[in-house]
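Have a look at the structure below before the remarks.
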Amino acid sequence: MKVCVIGSGGREHAIAWKFSKSSNVEKVFCVPGNGGTASIGENINIPLKPPFVDLIKFIKENKIDIVFVGPEKPIIDGITDYLEPEGIKIVAPTSNGGMIEGSKVFAKLFMKKYGIPTAEFEVFEDFDSAKAFFEKHTDWVIKVNGLAAGKGVIVPSSYEEGIKFLEDVFINDKFGDSGDKVVIEKRISGFEISVFVITDGEDVKLLSVAQDHKRAFDDDKGPNTGGMGSYAPVPFVKEDLIKDIMKKIIYPTVDGLAKEGIGYKGIIYAGLMVDDKLNPYVLEFNCRLGDPEAQVVLPLIKTDFFELSQATAEKLLKKINIEIFEKFATVVVLASQGYPEKYEVGKEIKGDLSEKEDSIVFHAGTTIKDGKLLTNGGRVLGVVGIGNSLQESISKAYKRIEGIEFEGMFYRRDIGKKALERLL
Ligand code: GLY
């Protein structure tokens, strides 16, 4: 069987790697891929823009059996809407399914309609009404409606900061079309988790529960990033809480999407806040795997990934008995000095990056030039450790980092630390 992975980050290297472990898969193509996916299969440069004509031609000519989409952008741009009618099997929701991530307003109204627990909220379309509301709710969170590369949410630390954000949205037009509306929602405190499921629109399988580390520096300091590290599963999320999340959030979401007539075949990534009474609330939905979370969620899946993907695309997920290894995985992201702001690329990466029994190095921003592996992005590598306990997986990831270097390399030294403290 031949598969095609769409995207170019650490998540896509992890997806391509997972497919390569399937005895069903003879060839993995990546569009466009990165320095890591090049060593698993073949990287292909095809523009990923609607109406995806060149991609469709390539998939048909190469008789590709399954397409798996990594990032949200092509999903929201309608990749499935264009590919599926051509008879191509694809794991990714249609663009209207992508709205769970592409529009915060859609997601909040959907949750309200289907009784899915989420923070109280109001929607605003202009500066004056948003400002008037925020003046009375200065500790609430402001979110722009559309995609904003992780910069569209603010938990204001002062009245001035909140008003400045609203000015940026409505007056300075900093977010373009994504800032057509804002959601202002009540702040919920507790601990954050990321729940990953795969669904064919009817049946649903839990993949894992992970935790992300969004800030650039140790102790959750510094600016927000795409994610500096992650681990799975979360040892203090017990069976009862998982059952509650499935019952109150995941099943009603899948049912609600079906009732809305949305053909959802793919990943649902629910970003949740769990309060001190262990009540889960949805902070946001994403229509894809997380990055770097995919790098810890995928290695823990025991079930053949091609069969899982095929069953999803063919709406036969009920036939799959999902199995997950009883292990832990931790990923530490090695980033370029300056990320998430300005950084340099083109630095040579040195060290043994080959796969070991208990560690894998996934490439994110890398490229190969004149036979050398060079940095080519802010997040460069994801170093994964796998162990029988969270502590063991963390130790294995950090041990592996000792043998890797590039100029300007930095990483957090506390991935998983808070979870370990919580277990004491
Ligand atoms: N790591 C967060 C995300 O993928 O959205």
Criterion: at pLDDT 95 or above and over 23 Å from the mean Cα position of the chain (by Cα) - qualifying residue of Ile46, Ile64, Ile75: Ile64
Per-region count, the stretch 71-91, residues open to solvent by 70 Å² or more (accessible area, probe 1.4 Å) and either under 11 Å from Tyr264 (Cα atoms) or not in a loop (DSSP other than H, G, I, E, B) (or both): 4
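Sort out for me the strands (runs of 3 or more DSSP E) sitting completely within the stretch 209-303 that have 3 or more residues that are within 16 Å of the chain's Cα centre (by Cα).
The qualifying strands (runs of 3 or more DSSP E) are 229-232, 266-274, 280-286.
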Selected residue (criterion: nearest to Asp255 (Cα to Cα)) from residues of the stretch 216-232 that are touching a residue at least 24 places away in the same chain (Cβ under 8 Å) and open to solvent by 30 Å² or more (accessible area, probe 1.4 Å): Gly226
Some residue of the stretch 62-70 being touching a Ser or Thr at 6+ places or on another chain (Cβ under 7 Å), over 21 Å from Gly226 (Cβ atoms), in contact (Cβ under 8 Å) with a residue 12 or more places away in the chain and open to solvent by 30 Å² or more (accessible area, probe 1.4 Å): no
Selection within the stretch 204-217 - basic (Lys, Arg) and away from the ligand (no atom under 16 Å from the Cβ): Lys205
Helices (runs of 4 or more DSSP H) lying entirely in the stretch 92-184 (those with 1 or more residues that are surrounded by fewer than 17 Cβ atoms within 10 Å (Cβ to Cβ) and free of Cβ contacts under 8 Å to residues at least 60 places away in the same chain): 104-113, 127-136, 159-170
Condition met for Lys259 (away from the ligand (no atom under 13 Å from the Cβ) and in contact with a strand residue (DSSP E or B) (Cβ under 8 Å, 6 or more places away or on another chain)): no
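With the condition kept exactly as written, say whether any residue in the stretch 323-342 is within 16 Å of the ligand (Cβ to nearest atom), open to solvent by 10 Å² or more (accessible area, probe 1.4 Å) and more than 30 Å from Gly87 (Cβ to Cβ).
yes
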All positions within the stretch 252-273 that are closer than 15 Å to Arg288 by Cα and of a type in the set (D, E, K, R): Lys265
Residue that is more than 21 Å from Ser20 (Cβ to Cβ) and open to solvent by less than 10 Å² (accessible area, probe 1.4 Å), where the choices are Ile249, Ile262: Ile249
Output for the stretch 386-424, where each listed residue is closer than 19 Å to Ala294 by Cβ and open to solvent by 20 Å² or more (accessible area, probe 1.4 Å): Ile386, Lys396, Arg400, Tyr411
Residue under evaluation Leu353, criteria (1) outside any loop (DSSP other than H, G, I, E, B); (2) buried (at least 18 other Cβ atoms within 10 Å of the Cβ); (3) at pLDDT 95 or above, criterion not met: (1)
Test result for Pro235, touching a residue at least 24 places away in the same chain (Cβ under 8 Å) and either of a type in the set (Phe, Trp, Tyr) or more than 16 Å from the ligand (Cβ to nearest atom) (or both): yes
Filter result (in contact with a His (Cβ under 9 Å, 6 or more places away or on another chain) and either free of Cβ contacts under 8 Å to residues at least 24 places away in the same chain or of a type in the set (A, V, I, L, M) (or both)) within the stretch 362-399: Ala364, Leu373, Val380, Leu381
Output for the stretch 192-203, where each listed residue is more than 16 Å from the ligand (Cβ to nearest atom) and open to solvent by 20 Å² or more (accessible area, probe 1.4 Å): Glu202, Asp203
Scope the stretch 279-320; condition more than 22 Å from Glu26 (Cα to Cα), in contact with a Lys or Arg (Cβ under 9 Å, 6 or more places away or on another chain) and more than 16 Å from the ligand (Cβ to nearest atom); matching residues: Asn279, Pro280, Lys315, Leu317
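The values are calculated or read from the model by the stated rules, or taken from the named source; none is laboratory data. Fair warning: this is a prediction, and the values are worked out from it, not measured in the lab. So basically every Cβ, Gly included, is an ideal-geometry build from the backbone, and we count neighbours across all protein chains shown. Calculation scope for accessible area: heavy atoms of the full protein, side chains included, ligands and nucleic acids excluded. Shrake-Rupley method; radii C 1.70, N 1.55, O 1.52, S 1.80 Å.
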